[in-house]
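Comments concern the structure below.
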Amino acid sequence: MDLSKVKMVVTDMDGTLLNSKHEVSEKFFNQFKKLKENNILFVAASGRQYHSIIDKLHSIKDDILVIAENGAIAKNKNKELLQTGLDNTTITELLNLIDTIDDVYPVLCGKKKAYIASDSEEFKEKFKEYYAEYEVLDSLRNYKDDILKIAIYHFESSENYIYPKVKHLESKLKVKVSGENWLDLSHNNAHKGHALKKLQDMFNISSSETMAFGDFNNDLEMLALADFSFAMANAHPNVTKAANYHTKSNDEFGVETILDKLLES
């Protein structure tokens, strides 16, 4: 594995760069300084809100590229590079469908902030980890923002309890089980692969010069664009099968272990 030509490192956040306590290691921040010295671009690519990603990586926020909301928006510092949202008609249709699903908590992921209409304190505590900027509405139909995606939470399993109810939408939308409890609905072009391809073209970087890390199904299109694609040990079976390489879990410094090898190459 010759890593000497790598010019871009792309990593998912939850289950990948973040440990199970949702923390970024000091080791990574030290490695980032060396990546920057070697002119290797770093991209944080997550289903999280942009503000939430920046909160986690605040000390380096002006030196990284960010793909947020599963690829619905991409930014370089405060400059927007890409936005792919949902139209109002589709949003209304999706909210009507979600109303028929039991025990779920929808989130409208807007450009300015996220919007919820739940009064469940238990859900709010889970939700606030992923959304730094948000507003509680009387009804989700009262939003006034550009909506990038709709995220839906289930306390037990998004794959078992939400996906069967929305999989029929896959012909016209991106339907992504993005975590154990989360499922995302977005525009067909709003995925990490679409956003990453835009960045690769923008910076003239090929798949053979790209390293990527992921753990869940919303990482699949992104991993397909990196010759050096790594599945975490804690990854979903689909990701383990799709990746070219494998590394340790997010609690065993899986990303940092490979970055050490990259920096030694």
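Taking the full set of protein chains and a 1.4 angstrom probe, give the accessible area of residue 159 in square angstrom, rounded to the nearest 10.
Surface accessible to solvent at residue 159 totals approximately 80 Å².
Mind checking Rg over Rh on region 77-184, alpha carbons, Kirkwood formula for Rh? Mind showing how you got there, number by number?
Working: Rg = 13.5 Å, Rh = 14.4 Å.
Ratio of gyration radius to Kirkwood radius for region 77-184: 0.94.
Sequence gap at least 6, Cα distance under 8 Å: using those rules, report the relative contact order of the chain to the nearest whole percent. Don't skip to the end; give the middle numbers.
Numbers: 533 pairs, mean separation 55.8, N = 265.
Computed over the chain, the figure is 21 percent.
Given a cut-off of under 8 Å on Cα pairs at least six residues apart, what relative contact order in percent is computed for region 109-162? Please report the intermediate quantities before stating the final value.
Working: 49 pairs, mean separation 24.1, N = 54.
Relative contact order here is 45 percent.
For region 72-158, what's the relative contact order in percent, using C-alpha pairs closer than 8 Å and at least 6 residues apart? Write down the numbers at each step before the final one.
On the way: 108 pairs, mean separation 30.5, N = 87.
Over region 72-158, the number comes to 35 percent.
Of the trypsin sites (Lys or Arg not before Pro) in region 169-265, which ones lie in a loop per DSSP and count no more than 10 other C-beta atoms within 10 Å?
Values: sites: 172, 174, 176, 192, 197, 198, 241, 248, 261; in loops: 172, 248.
Listed in order of number, the matching sites are 172.
List the pair-distance distribution P(r) of region 135-209, using every Cα-Cα distance, as the percent of pairs falling in each 10 Å bin from 0 up to the bin containing the longest distance, rounded to whole percents.
Binned Cα distances yield the sequence 16, 35, 33, 13, 2.
Consider all pairwise Cα distances in the chain and report the whole-number % of them above 28 Å.
For the chain, the share of Cα pairs beyond 28 Å comes to 29 percent.
Using helices alone, what [θ] at 222 nm do you get for the chain, with -39,500 (n - 2.57) per DSSP H run of 4 or more residues, divided over all residues and rounded to the nearest 500? Let's see the in-between values first.
Numbers: 10 runs with 77 residues, N = 265.
Dividing the helical sum by the residues of the chain leaves -7500 deg cm²/dmol.
Going through the cross-link list 124/176; 27/56; 75/192; 27/261; 5/75; 128/248, which pairs have a Cα-Cα distance over 18 Å in this structure? Intermediate results must be reported in sequence, preceding the final value.
Numbers: 124/176 22 Å; 27/56 14 Å; 75/192 13 Å; 27/261 14 Å; 5/75 25 Å; 128/248 28 Å.
The answer is 124/176; 5/75; 128/248.
Let me make sure I get this right: for region 174-265, a, b and c are the square roots of the gyration tensor eigenvalues over alpha carbons, sorted descending. Under 1.5 in a/c it's rounded, otherwise prolate if a/b > b/c, else oblate. Which is it? Walk me through the intermediate numbers first.
Details: a/c = 2.29, a/b = 1.13, b/c = 2.03.
In terms of gyration-tensor shape, oblate.
Mind listing the phi-derived Karplus ³J(HN,Hα) values for region 147-157, rounded to whole Hz, using 6.51, -1.76 and 1.60 with θ = phi - 60°, and x for any glycine or proline?
Values, residue by residue: 9, 8, 6, 10, 9, 10, 10, 10, 5, 9, 7 Hz.
About its Cα centre, what dipole magnitude does the chain give when the only charges are +1 on Lys and Arg Cβ and -1 on Asp and Glu Cβ, stated in debye to the nearest 20? Numbers along the way, then the final one.
Details: 33 positive and 42 negative charges, 182 e Å.
Roughly 880 debye for the chain.
With a cut-off of at most 13 other beta carbons within 10 Å, and DSSP calling the residue loop, which trypsin sites (Lys or Arg not before Pro) in region 1-98 qualify? Please list them.
5, 21, 77
Could you tell me what percent of the DSSP beta bridges with both partners in region 162-257 are antiparallel, to the nearest 5? All intermediate terms of the calculation are to be shown ahead of the outcome.
Numbers: 4 of 10 bridges.
Counting DSSP beta bridges with both partners in region 162-257, the antiparallel share is about 40 percent.
Calculate the length of the line joining the C-alpha centroid of region 230-265 to that of region 71-110, in whole Å.
Cα centres, region 230-265 to region 71-110: 29 Å.
For region 95-145, state which trypsin sites (Lys or Arg not before Pro) are in a DSSP loop and have at most 10 other beta carbons lying within 10 Å of their beta carbon. Don't skip to the answer; put the middle values down first.
On the way: sites: 111, 112, 113, 124, 126, 128, 141, 144; in loops: 111, 112, 113, 128, 144.
Of the trypsin sites (Lys or Arg not before Pro), the ones in loops of region 95-145 whose Cβ has at most 10 other Cβ atoms within 10 Å are 144.
The values are calculated or read from the model by the stated rules, or taken from the named source; none is laboratory data. Predicted, not measured: the structure shown is a model, and the values here were computed from it. Glycine gets a Cβ as well: all are built from the backbone with ideal geometry, and neighbour counts include every protein chain shown. The area values use the complete protein model at the heavy-atom level, side chains included, leaving out ligands, DNA and RNA. Shrake-Rupley method; radii C 1.70, N 1.55, O 1.52, S 1.80 Å.
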